[in-house]
1. Just need the relative contact order of the range 9-90 here, percent rounded to a whole number, with Cα pairs under 8 Å and 6+ apart.
2. Once R0 is set to 30 Å, what does the formula 1/(1 + (r/R0)^6) return for the Cβ-Cβ distance between residue 52 and residue 25, expressed as a FRET efficiency to the nearest 0.05?
3. How compact and how long is the range 9-90, expressed as Rg and Dmax of its alpha-carbon atoms in Å?
Amino acid sequence: MIRKTDRNHAEIMQVLRKIPGVSVFSTHAVGKGFPDLVVGYMGMNYLLEVKDGEKPPSQRKLTADEVRFHNSWMGQIAIVNSIDDLMKIFTKG
């Protein structure tokens, strides 16, 4: 099964790759609610679910699999709707 990415997935990956000390791997095809990106930054791993912030909130909702994953994950996980959301996580200032 081919899994689609949100409109801003590639843009967010591109921005992440420009941040010094960040590594990023797209995991959108894993399925079962697993987040879209795994990011390494300053010795920490971040799981990011990418949603298209230009869509209405009703179209940005987590799927049932994503909700189950988010609720059961005991580590860091975040939803990123925009570059601004991303910057709040990976930059200071």
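1. The normalised contact order for the range 9-90 reaches 27 percent.
2. My answer for the efficiency is 0.90.
3. 12.3, 35
None of the figures in this text is laboratory data; all of them are computed from the coordinates on show. Note that the coordinates shown come from a computational prediction; the quantities given were computed from them, not determined experimentally. Quick reminder, even Gly has a Cβ in these numbers, built from the backbone with ideal geometry, and neighbours come from all protein chains shown.
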